Each structure stands twice: as structure tokens, then as C-alpha cells.
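The values are calculated or read from the model by the stated rules, or taken from the named source; none is laboratory data. Quick caveat: nothing in here was measured; it's all calculated off a predicted structure. With ideal geometry, Cβ positions are generated from the backbone for all residues, glycine too; neighbour counts draw on all protein chains shown. For accessibility, only protein heavy atoms count, side chains too; no ligands or nucleic acids. Shrake-Rupley method; radii C 1.70, N 1.55, O 1.52, S 1.80 Å.
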Amino acid sequence: MQALIPCIDDMIDIEHVSVTYGETAALRDVSLRIDDGEFAFVVGENGAGKSTLIKLLIREVMADDIRDPEPHITVNGYDLIELRQRDVPTLRRTIGFVFQDFKLINTMNVFDNVAFVLRSIDAPTKYIRKRVPQVIGLMGLGSKINQYPDELSGGEQQRVAIARALVNNPQLIIADEPTGNLDPRAKIETMKLLKEINDKGTTVMVVTHEHDLVKRFGGRLINIKEGVIAYDGMI
Ligand code: ADP
């Protein structure tokens, strides 16, 4: 069947996926494609299934094992139904994450917070010395490179987190409520940065509650309601 053949242009291709926790159906027969280079907002009330969707994409949860129709998930070219557990870290290296609470390491300065990602995959020191300041500079934080997270504003901390998400050149960035802890100006700065990253070709998916930001920035809007995609279109 044509729909089940993964296409190279699809960053995310989900067909007929359900996820059930005990008695709770968190996602119900969801099908969704996000193409290479797209920018998509994902919205939905608490409990709608947004976190489960993210967990599905990074193989933290598995699709229910249903035969007819069989579920299908590819992310960045990886078939997540077939992927072996030992290859999950390789999949995750193709994705950059940005979180609501930044998740920076408070005992490390800005350079080391970003370098940490590259050190954990044994990147050469020479490359780390070149790449880390480059990406920190892109986020407008060159003058803060030796400072620690608690010496930075919330907006600056989120920019460090975006630098960390970008440093390994991911194909896809998933931002989970990235503006939830920020003041109004920093919310807009953060969204602008994510848009700029998208303009340079990286696929970006932003899960958010902030309808004002969605309206202001526009783009593709995917609304999840009680585990199904209730709306998917451009706004
Ligand atoms: P959202 O991120 O939109 O708030 P979730 O994906 O976290 O929604 O949750 C979807 C549904 O699945 C909710 O009803 C939630 O209570 C339930 N759920 C989420 N995680 C678990 C879990 N680990 N065990 C049982 N139920 C869960």
C-alpha cells in the first residue's frame, strides 16, 4: 500500500498509531506526516496526548501492537516499529530537544552545557572548540559563554538550551512548551529563534499552550483532542 512506504522527504510519518496505557487510550489511530523543513505547532488541552506523541517520536513509548491496520512510524528515516532498543540513542541523536524548564546543568558554564552533547558522542576536541562558540554566537550569547545558568535570565537560559539542541546539527527540533517559563519578551525572542532555525532548513515541532504565539507566528497547526487529531491545517 502506497501510504506505508516511507518517503525520504517525511521527517515524521505516522500511520494508524494508537498508544494505550492500561485502560487509557492516549493516542487513537493517529496518522500524521510532517515534511522535511516544516514548522508545526502542536496544541491540545492537558491530557490530550501531546506528551505521548513526543514520547512516541523518540521511542520512549511504543505503538500498540495492532494487526489490522498495522501501525507504521518513521522518524528521520528510522522505522520505529522495527528499531532495535540498542539503536534508540542513534535515533535520538538526530533530534534536538528544547524543554519548558531548560534542563541546563547548573554546575557547568554555557560553553560546557552545550559542549556536553558533543563530548557525550566523543566528538573531537578541536571540533568542539570550533562548533560550540559558533552555535552560542548564533544564539546571541557570545559574551555569556563563561557564565553559569543562574547568572542568566530565563530567556538567555532558553537560548543556551536551543544552542544545545542545535549543536549536533539535528534534522528535527522538538520544543516542548519552550516558552512556558518565560516573560512576554523572551517568549517572542524564543519563537523568533525557532523560526530562524526553521528558515535555515531544520524541521521544527513546537508543543505549546500559547494560542497568542501560535496566532502571531502562524504556520501549521495540529490540534490533538482526546488522543485524535481534531484539526490539522495552516493558520
Ligand atoms: P498531554 O501531554 O497532552 O497533557 P499526555 O500524553 O501526557 O497528554 O496524556 C494522555 C493521556 O494518557 C492522559 O489521559 C494521561 O492521563 C494518560 N497517561 C499519560 N502517561 C501515562 C502513564 N504513564 N500511565 C498511564 N496513563 C498515562
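Calculated [222 nm] ellipticity per residue, helices only, for the chain: -9500 deg cm²/dmol; basis is -39500 (n - 2.57) per DSSP H run with n ≥ 4, divided by all residues, nearest 500.
Remark on the stretch 151-214: Rg and Dmax equal 11.2, 32 Å (Cα only).
What is the extension gain from T20 to Q147, computed as 0.36 nm multiplied by their sequence separation minus the C-alpha to C-alpha distance, in nm to one decimal?
Using 0.36 nm per residue and subtracting the Cα-Cα distance, I get 41.3 nm.
Need one number: % antiparallel among DSSP beta bridges in the chain, to the nearest 5. The antiparallel fraction comes to roughly 55 percent.
Amide H to amide H distances under 5 Å link S18 with D29, V30, D64, where only residues 5 or more positions off or on other chains count and H is placed in the peptide plane. Net charge in the neighbourhood of I188 (other residues with Cβ under 11 Å of its Cβ; Lys, Arg +1, Asp, Glu -1) is +1. For the residues K225, K126, K55, K195, a 1.4 Å probe over the protein chains yields an accessible-area ranking, largest first, of K126, K225, K55, K195.
Amide H to amide H, with H built 1.01 Å from N, V206 comes under 5 Å of A40, F41, V42, A175, counting only residues 5 or more places away or on other chains.
If R0 is 45 Å, the Cβ-Cβ spacing of M62 and N106 corresponds to a FRET efficiency of close to 0.85.
When Rg and the Kirkwood Rh are both derived from Cα coordinates, the Rg/Rh ratio for the stretch 113-159 amounts to 0.99. Estimated at the nearest 10 Å², the accessible area of S143 is 100 Å² with a 1.4 Å probe. Rounded to the nearest 10 degrees, the inclination of helix 110-120 to the longest alpha-carbon principal axis of the chain is 50 degrees. Compared with the alpha-carbon gap, the fully stretched path from E45 to Q134 is longer by 28.3 nm at 0.36 nm per residue.
In whole percent, and with a 1.4 Å probe on the protein chains, what portion of the accessible area of the chain is carbon and sulfur? Summing carbon and sulfur atoms, their accessible area is 49 percent of the total for the chain.
When Lys and Arg each count +1 and Asp and Glu each count -1, what net charge do the other residues less than 15 Å away from V110, Cβ to Cβ, add up to? Here the count lands on +3.
Both the radius of gyration and Dmax for the chain are 18.0, 56 Å, in that order, over alpha-carbon atoms. Backbone phi angles across the stretch 44-50, fed through the Karplus curve with coefficients 6.51, -1.76 and 1.60 (θ = phi - 60°), yield HN-Hα couplings of x, 5, 4, x, 6, x, 5 Hz in residue order; Gly and Pro are listed as x. Rolling a 1.4 angstrom probe over the protein heavy atoms with all chains in place gives the chain an accessible area of 50 Å² per residue. Here the simple spin-label model places points 7 Å from the Cα toward Cβ, and for R33 and K195 these points are separated by 2.7 nm. Helix 154-166 and the long axis of the chain differ in direction by around 70°, with both axes built from C-alpha atoms. Heavy-atom accessible area for D232, with the other protein chains in place and a 1.4 Å probe, reaches approximately 70 Å². Evaluating 6.51 cos²θ - 1.76 cosθ + 1.60 at θ = phi - 60° for every residue in the stretch 63-74, the Karplus couplings come out as 5, 4, 7, 10, 8, 9, x, 6, x, 9, 9, 10 Hz, glycine and proline recorded as x. Each 10 Å bin from zero holds the following percent of Cα-Cα pairs in the stretch 41-125: 13, 36, 33, 15, 3, 0. Sparsely packed loop sites in the stretch 172-235 (the GluC sites (Glu not before Pro) outside DSSP H, G, I, E and B with at most 15 other Cβ atoms within 10 Å) comprise E226.
Take every Cα pair under 8 Å whose residues are at least 6 apart in sequence, average their separation, divide by the length of the stretch 6-57, and the relative contact order is 33 percent.
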